[in-house]
Every structure is written in C-alpha cells, then in structure tokens.
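Here is the structure we will look at.
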Amino acid sequence: MQQNVIFVDDAATLSTFCDELADSSWLAIDTEFQRENTYFPQLCLLQIANQDCVGVIDPLAINELTPLRNLLLNTGVTKVLHAAKQDMEIFYHLWGEVPAPLFDTQVAAALLGGKDQIGYAGLVESVFSIKLDKSMTRTDWRQRPLSSEQLHYAEQDVRYLGELYVKQKLQLQQLKRLTWVEEDCTALVDLGLYRP
C-alpha cells in the first residue's frame, strides 16, 4: 500500500486534512507523548492514516484542534490503534471523551493466537516480514524542529496499522471471534478507566 505523507503544523492544513479523512471507514491512529515531569501525559505528536495517506500532526504548533477532535470523535469511523489504553488516556485528558468505535490490533493479535502484549513492531514483522526501526522510542517528542528520523519513525507507527486491521478483521470473522474483540474494545472506551 503506497500512502502519501503530509506534515500538518498549522490550523488551515489541519482543517483541510481532517475534511479529507472524514469519509474514511477506518483511521489508524498513534500518538507520541511526554509524561516525565507532567501530571498528565502531554500530547506531542499525533499520526493518522487511512488507505490513501498518512498525516503527522504537530499539536504543539496548532492552537485550534477542533477539526481533529471532530474527526476522532466521529462514531461513524472505526479508530484503529495498537495497545490503545495510553492513547485513550491522552484523548480523555484533552477532551473528556475518547474515540470510538475502537479496534485494538494488540487485542486482536492475542485473540488470533499470537503473544499477549505483542508490540507493534513485533506484530508488523510477524505479519508482513517488515522490520521497523524503533530507535526513536525514547526520544524527546517536545523538541522542535523534529528531525527527519523522528518524522519517519512517527509515520511508520501508523503506516501498517490499517493493513493489520483489514487482515485481522477478516481472520476474526472467519473464526467467528470478531465479537470478542469488539467486547474488549468496548471496555477500552469506558470513560471510567481514564478518570483520575
């Protein structure tokens, strides 16, 4: 799957980008955040992809995130995340709500017979035989400007997520286990999990 990559660091581009994604049936989502020296995690970068494009959004450069909020809280679009709980916590602290419906590829992998708690890179490697560079995992995402290595790392975190979703959903349907994942993911969007 070849996707265009766009870096979004102003309100006008964010609004246009969110409008373009509004009709997607699913969106792959990941966040980069900082939680050292902060009471709540600070959102530093947000990546979104559909089948056509990948957007790397800089929320530290944009004051008005309403188009992003409207997109992520649109219940007509499935949000695909891997190990979603920390990301959901960030959205809850931003908006008092979390994106739904949710499909967590880590949950799905376990219900398809994979390892519990498998990381995204491990899952991508096992499914697609693609080895992702995880050297930027502990980087300071608050620093600006972001390096080309950081941006590449960030977009890779959603580049294969949608393909995983499509493949896993089909396998789960064939095994008659899709409702199992849906039940677990419904529990992950319970706001009670994220209230301090």
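The values are calculated or read from the model by the stated rules, or taken from the named source; none is laboratory data. Please read these numbers as outputs of a predicted model, since none were measured by experiment. All Cβ positions, even for glycine, are placed from backbone atoms using ideal geometry, and neighbour counts span all protein chains on display. We work out accessible area using only protein heavy atoms, side chains counted, and drop any ligands, DNA or RNA first. Shrake-Rupley method; radii C 1.70, N 1.55, O 1.52, S 1.80 Å.
Only residues that are out of contact with any Leu (no Cβ under 6 Å at 6 or more places or on another chain) and free of Cβ contacts under 8 Å to residues at least 60 places away in the same chain: list them for the stretch 1-13, please. If you could, list the steps in order and put the result at the bottom.
If we filter the stretch 1-13 for residues that are out of contact with any Leu (no Cβ under 6 Å at 6 or more places or on another chain), which is where we start, we get 1-7, 9-13.
Correct list: Gln2, Asn4, Ile6, Asp9, Asp10, Ala11, Ala12, Thr13.
Within the group Ala28, Ala12, which residue is farther than 25 Å from Phe128 by Cβ and either of a type in the set (A, V, I, L, M) or under 18 Å from the mean Cα position of the chain (by Cα) (or both)? Let's see the steps before the verdict.
Numbers: Ala28 fails: farther than 25 Å from Phe128 by Cβ.
Result: Ala12 is the single residue among Ala28, Ala12 that is farther than 25 Å from Phe128 by Cβ and either of a type in the set (A, V, I, L, M) or under 18 Å from the mean Cα position of the chain (by Cα) (or both).
Applying the selection to the stretch 108-126, what residues are small (Gly, Ala, Ser) and closer than 18 Å to Lys85 by Cα?
Keep residues of the stretch 108-126 that are small (Gly, Ala, Ser), which gives 108-110, 113-114, 119, 121-122, 126.
Listed by number, the residues that qualify are Ala108, Ala109, Ala110, Gly119, Ala121.
So, in the stretch 144-158, exactly how many residues are open to solvent by less than 80 Å² (accessible area, probe 1.4 Å) and part of a loop (DSSP other than H, G, I, E, B)?
So in the stretch 144-158, the residues open to solvent by less than 80 Å² (accessible area, probe 1.4 Å) come out as 146-147, 150-151, 153-158.
Restricting the remaining residues to those that are part of a loop (DSSP other than H, G, I, E, B) gives 146-147.
The number of residues fulfilling the criteria is 2.
Taking the stretch 26-77 as the search range and keeping residues that are hydroxyl-bearing (Ser, Thr, Tyr) and either touching a Lys or Arg at 6+ places or on another chain (Cβ under 7 Å) or modelled with pLDDT under 95 (or both), which one is least open to solvent (accessible area, probe 1.4 Å)?
At the first step, the residues of the stretch 26-77 found to be hydroxyl-bearing (Ser, Thr, Tyr) are 31, 38-39, 66, 75.
If we keep only those that are either touching a Lys or Arg at 6+ places or on another chain (Cβ under 7 Å) or modelled with pLDDT under 95 (or both) as well, we get 38-39.
Working: Thr38: 49, Tyr39: 189 Å².
Going through the qualifying residues, I end up with Thr38.
Residues in the stretch 161-172: is at least one open to solvent by 40 Å² or more (accessible area, probe 1.4 Å), at pLDDT 95 or above and part of a loop (DSSP other than H, G, I, E, B)?
Filtering the stretch 161-172 down to residues open to solvent by 40 Å² or more (accessible area, probe 1.4 Å) leaves 163, 166-167, 169-171.
Imposing the further condition that a residue be at pLDDT 95 or above reduces the set to 163, 166-167, 169-171.
Checking which are part of a loop (DSSP other than H, G, I, E, B) leaves us with none.
The answer is no, given that none of the residues of the stretch 161-172 is open to solvent by 40 Å² or more (accessible area, probe 1.4 Å), at pLDDT 95 or above and part of a loop (DSSP other than H, G, I, E, B).
Taking the stretch 109-143 on its own, how many of its residues are in contact (Cβ under 8 Å) with a residue 24 or more places away in the chain and not in a loop (DSSP other than H, G, I, E, B)?
Going through the stretch 109-143 one residue at a time, the tally reaches 7.
Would you tally the residues in the stretch 118-152 being under 29 Å from Gln168 (Cα atoms) and of a type in the set (S, T, N, Q)?
Of the residues in that region, 5 qualify.
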